[in-house]
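Take a look at the structure below.
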Amino acid sequence: MRKITVIGTGYVGLVSGTCFAEIGNRVICCDVDQQKIEKLRRGEIPIYEPGLEELVMKNMKREQLYFTTEVGEAIEASDIIYIAVGTPMSDTGEADMRYVMSAAKKIGEHLNNRKIIVNKSTVPVGTAELVREVVQANKKYPWISFDVVSNPEFLREGSAISDCMNMDRAVIGSDNAEAAKAIAELHAPFNTHIFTTDLESAEMIKYAANTFLATKISFINAIANVCERVGANVIDVAEGMGLDSRIGSKFLQAGIGYGGSCFPKDTYALAHMADKAGYDFELLKSVIKTNQRQRLIIMDKLREAVGGLAGKQVAVLGLAFKPNTDDMRYAPSLTIIPELLKQGAFVRAFDPIATESARRELPGDVHYCETVEQAVAGSDVCVILTEWNEVLSMDLDRVRQTMKQPIVIDGRNCFDLQTMQKSGFEYHSIGRSSVNSAGRDRHSVNF
Ligand SMILES: NC(=O)c1ccc[n+]([C@@H]2O[C@H](COP(=O)([O-])OP(=O)(O)OC[C@H]3O[C@@H](n4cnc5c(N)ncnc54)[C@H](O)[C@@H]3O)[C@@H](O)[C@H]2O)c1
Ligand SMILES: O=c1ccn([C@@H]2O[C@H](COP(=O)(O)OP(=O)(O)O[C@H]3O[C@H](CO)[C@@H](O)[C@H](O)[C@H]3O)[C@@H](O)[C@H]2O)c(=O)[nH]1
């Protein structure tokens, strides 16, 4: 059993801290957000993440998991200190490092014995060295030494617990073999591949992995746009490509582009890092541009399908950036809904989980609905932005009957074309022919 403190109790800190407790360590999760910690202490989980509540409750009860706002005391009480604070996009597009630096300062001020400081936040290459300098500069007891290790996180929201408990690999960057060994041992119960490297490479692996996945998405979205114009079906194209084991089938789902708290900011941050280092990362800049354009494709399709939006009632299904999360960071709905409102549409929105977070982010004149059926009732058009189960399993006959016009614009390719035509919809999706709109679209199909 090791004593671990995790600084930052957000999506990553809370999940990884809980998983470290689950495998038998004593973990203190600390945060400067008092409300968040108070909720956790009452057993309320501040984020939606399947399976998290049970695991938090279990480990709190067996006294393996604690929550506090006393960051200094939490640091003093452990030997391994994880930094898991946010590194959001700053105005320039670079990673905003102020939270990491303030955590490092606090660690320095409370360094009461030899500790391993492990950075889990996604940070530009060279951050480990900066953390070392800040801790060193703020040490109260100059004779106490410490190590800095990089151990980036690869979990996905919505499947965070299982990603963490069954991780593909643990990347451990260090310039000290003993510290690397200790962090490798900590990961032994996860029974995963341990990949050790130097600090800089570990920091780069995180950005390279995320930007590669983002590239795959922008690539398939660009292919989708060509498919639409030449009459091919991107779902079949992706499947046919993915069967080549060198390519693989994952992250080839065409849609309205990537969102979320990571890909948008990490692609920008790496492009900036490369620029600063004197390399113009044109490929990555195109990935970003392709993604920005992809979001607005929904607006083009809407205009084509229903003409002007002024006075039209639009049902928006899905607000979170992906299913199984309440996270609204860089969600496509944050771009699409303000645009709909600007063009004079009335918006009725449905999301099974993210409504509360959405209310804080979106303009006040959105009407939130409890069910898909309520959102679509009387609508001129329905727009799908997130492939929630509630959307995938909606009763198509009922939806068609309650809509004013049976027009669906699907940004996530939730339904097959034949089903939509049989159900009597005019259906426009991504990278596929439109159905039931013969005469209006160059590539429409009839089954
Ligand atoms: N969200 C993900 O799916 C994910 C996955 C892998 C990696 N990451 C990376 O992990 C890091 C954390 O991301 P997140 O989504 O968990 O962020 P988050 O915003 O959900 O949580 C960060 C938490 O840190 C707290 N905090 C900030 N400064 C603090 C300080 N000085 N002391 C104590 N607490 C402090 C905040 O109050 C907040 O609760 C980021 O670098 C992110 O890029 C995120
Ligand atoms: O084929 C695909 C796969 C994903 N997406 C979109 O891409 C975004 C990101 O999805 P996903 O990767 O599943 O979610 P995140 O929780 O953002 O996880 C990513 O970002 C995390 C934070 O760095 C990393 O830890 C994860 O490994 C990485 O997958 C979402 O908007 C998805 O809709 C697509 O459009 N097509």
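Where a number appears in this text, it was derived from the coordinates with a stated rule and is not lab data. Just so it is clear, the structure is predicted and the values come from calculations on it, not from any experiment. Methodologically, a virtual Cβ is constructed for each residue, glycine included, from the backbone with ideal geometry; neighbour enumeration extends over all protein chains shown.
Structure notes:
- Gyration tensor (alpha-carbon) shape descriptor, segment 182-223, a/c threshold 1.5: oblate
- For a 4.7 Å threshold on C-beta separation, the list of partnerless cysteines in the chain reads Cys29, Cys30, Cys227, Cys262, Cys369, Cys382, Cys414.
- Rounded to whole Å, sorted largest first: equivalent-ellipsoid semi-axes of segment 216-287, Cα gyration tensor: 27, 13, 12
- Sum of -39500 (n - 2.57) over DSSP H runs of 4+, divided by residues of the chain (222 nm, nearest 500): -13000 deg cm²/dmol
- For Phe195, net neighbour charge (Lys/Arg +1, Asp/Glu -1) across residues whose Cβ lies under 13 Å away: 0
- Length-normalised contact order of the chain in % [C-alpha pairs under 8 Å, at least 6 apart]: 11 percent
- Of Met394, Met89, Met60, the residue with the greatest mean-square motion in the GNM of the chain, using alpha carbon springs below 10 Å, is Met394.
- Distance in nm between pseudo-label sites at Ile247 and Glu53 (7 Å out along the Cβ direction from Cα): 4.2 nm
- Placed amide H near Ile430: partners under 5 Å, 5+ positions off or other chain: Asn413
- Mean-position separation - Cα centroids, segment 266-286 and segment 318-359, in angstrom: 29 Å
- Within segment 128-153: backbone nitrogen closer than 14 Å to the Met101 label point (7 Å, Cα to C-beta): 128-135, 137-138
- Charged neighbours of Asn138, selected by a Cβ distance under 13 Å, balance to +3 (K, R count +1; D, E count -1).
- Of Ala315, Ala177, Ala375, the residue with the greatest mean-square motion in the GNM of the chain, using alpha carbon springs below 10 Å, is Ala177.
- Amide H contacts of Val383: Ala315, Val316, Leu317, Ile409, each under 5 Å away and 5 or more positions distant or on a separate chain (H built 1.01 Å from N in the peptide plane; Pro and chain starts excluded).
- Extension gain for Val32 to Ser145 (0.36 nm times residue separation, less C-alpha to C-alpha distance): 38.1 nm.
- FRET E, pair His193, Tyr279, Förster distance 30 Å, beta-carbon r, rounded to 0.05: 0.50
- Remark: Val408, Val230 ranked as Val230, Val408, counting other beta-carbon atoms within 10 Å and listing the fewest first.
- Cβ-Cβ FRET estimate between Glu109 and Glu178, R0 fixed at 25 Å, reported to 0.05: 0.55
- Compactness ratio for the chain: Cα radius of gyration over 2.2 N^0.38 Å (N = residue count) comes to 1.07.
- Legend: Rg and Dmax of segment 1-140, from Cα coordinates, 14.7, 45 Å.
- Bridges between two residues of segment 290-445, per DSSP, are antiparallel at a rate of about 5%.
- Table column - 3J(HN,Hα) (Hz), segment 343-358, Karplus curve with 6.51, -1.76, 1.60, x for Gly and Pro: 8, x, 7, 9, 10, 10, 10, 10, 8, x, 10, 8, 4, 4, 5, 5
- The antiparallel fraction among DSSP beta bridges confined to segment 3-197 stands at about 5%.
- Overall Cα dimensions of segment 53-105 - principal axes, largest extent first, Å: 45, 27, 17
- Reach of Lys265 by Cα under 17 Å, taken over aspartates and glutamates that are not fewer than 8 positions away in the same chain: Asp91, Glu94, Asp96, Glu153, Glu157, Glu203, Asp275, Glu282, Asp327
- 29 Å Cα-Cα threshold exceeded, pairs from Lys36/Lys250; Lys36/Lys342; Lys120/Lys216: Lys36/Lys250; Lys36/Lys342
- Model label points for Thr371 and Val226, set 7 angstrom from Cα along the Cα-to-Cβ axis, are 4.5 nm apart.
- Exposure proxy for Leu385, Leu362: other Cβ atoms within 10 Å of each Cβ, ordered fewest to most, give Leu362, Leu385.
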